[in-house]
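A.B. asks: Just passing along the structure, written as structure tokens.
Computed from the coordinates by the stated procedures, all read-outs in this text should not be read as laboratory data. The shown structure was predicted, so the numbers you read here are calculated from the model rather than taken from an experiment. Here the Cβ positions follow ideal geometry from the backbone for every residue, glycine too, while neighbour counts run over all protein chains shown.
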Amino acid sequence: MGRDIQYPINTGLVGLGVLSQTSLLPHFATEDTKKKMNLVAVCDIDELRAKQTAEEYHIPEYYTSLDSMLKQAPLDAVLLCTPTAIHYNQAKKSLNAGLHVYLQKPIATSSAQAQNLIDIAKNQNLVMVASPEQIINPTFQKARQLVLDGAIGPVFWSLCVTDHPGPQLEEGRLGEGPKNKVDPSWWFKKGAGPVYNMSVYTLHAITSILGPVKNVIALSGQRLAHKEWMGTEIKVEIDDNTLMLLDFGNNIFSMVSGCAAHPGEKVSWGHMSIFGAEGALEIYSTNPTEPNFMNEINHVGGKKYTFDDFGPYIPPNHTTIKFPFIYGDIMHFLKCVSEGENPQEFGKQACHVVEVIEKAYRSASTGSSQKISSGFEAEKLVP
């Protein structure tokens with residue numbers, strides 16, 4: 001993988017919106033993280049936001065252009081936490097600059113783009129990791145093992161719920177100033193929306209457990225024409241109501257939602273159930289503020305499993321900071337960089353999930369089932 005890179009790894013953070021302000025930067029400010037990552041630069045198109053962030057967290061350099069940061073900052077790796085539609089171009093530039101790349105979900109908006117990034121990273125012997133790496137969570141590892149061990153008998157189907165009304169009411173968007181009033185309108189434009197930004201979580205989780213998807217059928221459309229954010233009308237330009245029926249082969253199916261709808265109380269955002277001939281698994285979070293940080297499995301017909309140890313990537317002091325699962329993905333990325341590992345199977349899974357999304361939209365527009373051509377080896381994902 002080229003020259004040896006040791007902890008702390010010189011890293012640049014691109015995109016200083018809500019995710020970075022409310023989650024990543026507080027995680028990165030901890031002393032244990034500083035031993036692994038040296039945050040030498042931040043970048044955002046809003047210059048005042050970039051400047052204020054650099055000052056608050058004592059970061060040496062700030063930029064308003066990725067190109068400038070890539071040319072000038074002393075970097076080994078970049079973290080791309082920007083709107084989904086620009087992931088591909090930013091990742092390609094960063095890889096071609098010789099840097100290791102972490103991407104927020106999804107890896108790209110088309111499987112062709114995703115595969116191109118994987119090829120570039122492989123050819124240049126660089127690490128590229130894309131969230132979400134759901135199988136890093138021991139809850140999903142246990143669920144996978146229960147299924148493989150036949151704990152619920154032959155699997156029939158699963159239900160994966162990712163309903164979310166949108167980011168317009170998120171913390172960090174309703175205050176004043178560039179760091180606390182971040183425009184959410186990108187979420188409702190082409191290349192974003194509830195499927196690319198929310199269903200991607202359960203698609204990674206269920207494929208980690210059941211393996212690659214063989215075919216997909218979907219219904220998709222737009223229910224609302226507008227959303228509102230702090231008195232400003234946002235035009236909705238994407239499908240906001242999508243249901244995907246996945247075929248895993250051997251007559252095993254899964255229903256996955258991707259809707260800008262309000263989640264339920266019992267079946268909430270991120271909930272997953274897997275139904276077998278002899279039992280069922282209900283997988284969910286018991287923390288109401290972290291609905292995607294799964295920590296409990298109810299084995300219907302068996303016992304309940306509750307997890308409070310999330311392994312080496314999420315130490316206990318990070319479970320109380322927002323979005324610890326994203327922090328865990330980044331720590332896994334940095335470990336791979338420092339140890340010369342290349343987690344290519346995670347990239348293949350990320351590409352596979354993007355193809356499922358891409359083909360789901362095609363199915364909805366054509367009214368026909370779509371075959372999925374990509375794949376990955378689920379057993380290679382488990383750390």
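A.B. asks: Which FRET efficiency value, to the nearest 0.05, is calculated for GLU56 and THR306 with the Förster distance at 41 angstrom and r the Cβ-Cβ distance?
C.D. replies: Computed FRET efficiency for GLU56 and THR306 comes out at 0.65.
A.B. asks: Could you check the simple spin-label distance between LYS181 and LYS93, using points 7 Å along Cα→Cβ, in nm with one decimal?
C.D. replies: Label-label distance for LYS181 and LYS93, simple model: 2.7 nm.
A.B. asks: Taking only Cα atoms and a 10 Å spring cutoff, compute GNM fluctuations for the chain and point out the largest among LYS181, LYS359, LYS105.
C.D. replies: LYS181
A.B. asks: Counting only helical runs of four or more DSSP H residues, what would the 222 nm mean residue ellipticity of the chain come to if each run contributes -39,500 (n - 2.57) and the total is spread over all its residues?
C.D. replies: -8500 deg cm²/dmol
A.B. asks: Considering only DSSP beta bridges with both partners in the chain, what is the antiparallel share in %, to the nearest 5?
C.D. replies: Percent antiparallel among DSSP bridges in the chain is about 60.
A.B. asks: Taking the Cα atoms only, what angle lies between the long axis of helix 344-366 and the longest principal axis of the chain, rounded to 10 degrees?
C.D. replies: The answer is roughly 60 degrees.
A.B. asks: Take the chain, connect every pair of alpha-carbon atoms lying under 10 Å apart with a spring to form a Gaussian network, then pick out the residue of PHE156, PHE333, PHE293 with the largest mean-square fluctuation.
C.D. replies: Most flexible of the set in this elastic network: PHE156.
A.B. asks: Follow-up. How about region 225-293: which trypsin sites (Lys or Arg not before Pro) there lie in a loop by DSSP and see at most 12 other Cβ atoms within 10 Å?
C.D. replies: Hits after loop and neighbour filter: LYS266.
A.B. asks: With a 10 Å Cβ neighbour count serving as the proxy for reagent exposure, in which order, fewest first, do ASP44, ASP149 appear?
C.D. replies: Neighbour counts put them in this order, fewest first: ASP149, ASP44.
A.B. asks: Does anyone have the angle between helix 138-148 and the longest principal axis of the chain? Alpha-carbon axes, 0 to 90°, nearest 10?
C.D. replies: Relative to the chain, helix 138-148 is tipped by roughly 30 degrees.
A.B. asks: Here is a further query. Work out how much length TRP157 to ASN251 would gain on full extension: take 0.36 nm times their residue separation and subtract the Cα-Cα distance, in nm to one decimal.
C.D. replies: So the chain would gain 33.0 nm between TRP157 and ASN251.
A.B. asks: Quick check: the distance between the Cα centres of region 344-383 and region 51-103, to the nearest angstrom?
C.D. replies: For region 344-383 versus region 51-103, the Cα centre distance is 28 Å.
A.B. asks: Right, something else. How large is the dipole of the chain about the Cα centre if only Lys and Arg carry +1 and Asp and Glu carry -1, each at its Cβ, rounded to the nearest 20 debye?
C.D. replies: Magnitude of the dipole: close to 580 debye.
A.B. asks: Could I ask something else about it? Round to the nearest 10 and give me the degree value, 0 to 90, for the angle of helix 111-123's Cα axis relative to the longest principal axis of the chain.
C.D. replies: Orientation of helix 111-123: about 60 degrees from the principal axis.
A.B. asks: Are any of the pairs LYS36/LYS92; LYS190/LYS348; LYS71/LYS380; LYS36/LYS189; LYS35/LYS71; LYS34/LYS179 more than 27 Å apart by Cα-Cα distance, and if so, which?
C.D. replies: As for pairs spanning more than 27 Å Cα to Cα, those are LYS71/LYS380; LYS36/LYS189.
A.B. asks: Oh, and also: Would you tally the net charge around PHE325, using a Cβ to Cβ cut-off of less than 12 Å, leaving PHE325 out, and scoring K and R as +1, D and E as -1?
C.D. replies: Here the charged neighbours net out to -1.
A.B. asks: With label points built 7 Å along Cα→Cβ from the Cα atoms of ASN317 and GLN72, find their separation and express it in nm.
C.D. replies: Taking the two extended label points, one gets 3.3 nm.
A.B. asks: So how much slack lies between GLU237 and LYS34, counting 0.36 nm per residue of separation and subtracting their Cα-Cα distance, in nm?
C.D. replies: 69.0 nm
A.B. asks: Work out, step by step, the length gained on full extension between LEU48 and SER373: first 0.36 nm times the residue separation, then minus their alpha carbon distance; give nm to one decimal.
C.D. replies: Full-extension gain reported as 112.5 nm.
A.B. asks: Between GLN370, GLN72, GLN344, find the one with the highest GNM mean-square fluctuation for the chain; connect C-alpha pairs within less than 10 Å.
C.D. replies: GLN72
A.B. asks: Hey, what does the equivalent ellipsoid look like for the chain, semi-axes from the Cα gyration tensor as sqrt of 5 times each eigenvalue, largest first, whole Å?
C.D. replies: For the chain, the semi-axes come out at 31, 24, 21 Å.
A.B. asks: List the lysines whose Cα lies under 20 Å from the Cα of LYS304, skipping any in the same chain that are fewer than 8 positions away.
C.D. replies: LYS142, LYS266
A.B. asks: Now, a different point. Apply the Karplus parameterisation 6.51 cos²θ - 1.76 cosθ + 1.60, with θ equal to phi minus 60°, to every residue of region 25-39 and state each ³J(HN,Hα) to the nearest whole Hz, in sequence, with x for glycine and proline.
C.D. replies: Residue by residue, region 25-39 yields 4, x, 4, 5, 6, 6, 5, 5, 6, 4, 6, 10, 9, 9, 7 Hz.
A.B. asks: By count of other Cβ within 10 Å, fewest leading, how are MET128, MET331 ordered?
C.D. replies: So the residues, fewest neighbours to most, are MET331, MET128.
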